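Trainee: The structure's right below; bear with me while I get my questions together.
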Amino acid sequence: MPHHGSRLYLAIDAGPIYDKTGKLIAVVETLRDMTLQKLAQTALQELANHDGLTGIANRRAFDETLKLEWRRTMREVQPLSLLMVDVDRFKHYNDSYGHLAGDECLKKVAGAMSDEMQRASDVVARYGGEEFAVILPNSALDGAIVVAERLRAAVEKLGIVFANSELGHVTVSIGVASVTPSATGDSWQLISTADAALYRAKASGRNRAVALLVEVLTVAT
Ligand code: GH3
Ligand code: MG
Ligand code: MG
């Protein structure tokens, strides 16, 4: 509505009116303003798919996207990669600076990672607590490692002060996993492999990315 300077969602119904001979003599049109319903629907969708604290995709959206991308990349015989990102020593951060500062830190980490994503199909989600998951469709392991390193560096560059930690600022560890989905596989393999890689990143000193290829399971016949 250019005259109002606003945008409305309108529903239009049109019904024909004929005379006795079947000739069209009029059309009755009804216009309904659907704006409030549409805004409420959009807000609900936003709530259902986004994390309340950080504003990025939530676990529900992550689960749905991963299933969808698994099927799509399988059809297209394309690789699918997953990053599991975990904030280092975050319990200690909360203990030192308080839970509210911890929340602020999670928001900044989520924002910095989202800003680094380059493809529209890549999804950064809050997996739970201080863990994030990144879905990279059509990316093989080498490309996923490059993205992981970029995310790790972006968080380090935030320079969020963390006294008495290894580096003096907040860092993340990242597990990278990649697979070319198959009908005999399942997306949990990708998650558990990324988790195993994350565990290795933690064990080998934190503030790093470690990558693992999903072992292709062969089904005995
Ligand atoms: P590691 O380097 O091995 O990952 O150590 P960690 O301390 O980060 O790991 P741990 O799993 O022991 O602790 C995670 C902490 O994250 C504990 C929990 O209180 C905190 N946490 C989880 N969710 C939130 C949140 O939404 N806000 C804040 N402030 N803290 C959270
Ligand atoms: Mg954790
Ligand atoms: Mg942690």
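The values are calculated or read from the model by the stated rules, or taken from the named source; none is laboratory data. The model shown is predicted, which means the values in this text are computed figures rather than measured ones. Cβ sites come from the backbone with ideal geometry, for glycine too, and all protein chains shown count toward neighbours. Remember, those area values only see protein heavy atoms, side chains included, never the ligands or the DNA or RNA. Shrake-Rupley method; radii C 1.70, N 1.55, O 1.52, S 1.80 Å.
Trainee: Does Ala112 fit the bill of being in contact with a Lys or Arg (Cβ under 8 Å, 6 or more places away or on another chain) and either touching a residue at least 24 places away in the same chain (Cβ under 8 Å) or not in a loop (DSSP other than H, G, I, E, B) (or both)?
Mentor: Judged against the criteria, Ala112 is a match.
Trainee: Follow-up question, since we're still on this one. Six or more apart or on different chains, Cβ under 8 Å: which pairs go from a residue in the stretch 123-134 that's open to solvent by 10 Å² or more (accessible area, probe 1.4 Å) to one that's at pLDDT 95 or above and of a type in the set (Ser, Thr, Tyr)? Could you list them?
Mentor: Val123/Thr65; Val124/Ser114; Arg126/Thr54
Trainee: Another question, then. Please name all residue pairs, on different chains or six or more residues apart, with Cβ atoms under 6 Å, provided the first residue is in the stretch 172-201 and is away from ligand 1 (no atom under 14 Å from the Cβ) and open to solvent by less than 10 Å² (accessible area, probe 1.4 Å) and the second residue is part of a strand (DSSP E or B) and of a type in the set (S, T, N, Q).
Mentor: These pairs meet every condition: Ser178/Ser81.
Trainee: Taking the conditions exactly as written (polar (S, T, N, Q), in contact with a strand residue (DSSP E or B) (Cβ under 8 Å, 6 or more places away or on another chain) and open to solvent by less than 40 Å² (accessible area, probe 1.4 Å)), does Ser165 satisfy them or not?
Mentor: Here the answer is no, as Ser165 does not meet what is asked.
Trainee: Residue check: is Leu24 of a type outside the set (Lys, Arg) and modelled with pLDDT of 95 or more?
Mentor: Against the criterion (of a type outside the set (Lys, Arg) and modelled with pLDDT of 95 or more), Leu24 qualifies.
Trainee: Name the residue that is farthest from ligand 1 (Cβ to nearest atom), counting only residues in the stretch 86-102 that are open to solvent by less than 40 Å² (accessible area, probe 1.4 Å) and in contact (Cβ under 8 Å) with a residue 40 or more places away in the chain.
Mentor: Tyr93
Trainee: Among Ala183, Ala154, Ala194, which is the only one that is in a loop (DSSP other than H, G, I, E, B) and more than 13 Å from Tyr93 (Cβ to Cβ)?
Mentor: Just one listed residue meets the conditions, Ala183.
Trainee: Among the numbered conditions (1) away from ligand 3 (no atom under 16 Å from the Cβ); (2) surrounded by 11 or more Cβ atoms within 10 Å (Cβ to Cβ); (3) within 23 Å of the chain's Cα centre (by Cα), tell me where Leu83 comes up short.
Mentor: Failed condition: (1).
Trainee: Out of the residues in the stretch 56-70 that are touching a residue at least 60 places away in the same chain (Cβ under 8 Å) and either among the hydroxyl-bearing types (Ser, Thr, Tyr) or open to solvent by 90 Å² or more (accessible area, probe 1.4 Å) (or both), which is nearest to Ala183 (Cα to Cα)?
Mentor: Here the residue is Lys67.
Trainee: Of the numbered conditions (1) within 16 Å of ligand 2 (Cβ to nearest atom); (2) touching a Phe, Trp or Tyr at 6+ places or on another chain (Cβ under 8 Å), Val124 satisfies every one except a single condition; which is it?
Mentor: Unmet condition: (1).
Trainee: Would you check which residues across the stretch 54-100 are of a type in the set (Phe, Trp, Tyr) and either in contact with a helix residue (DSSP H, G or I) (Cβ under 9 Å, 6 or more places away or on another chain) or at positive phi (or both) and list them?
Mentor: Correct list: Trp70, Phe90, Tyr93, Tyr97.
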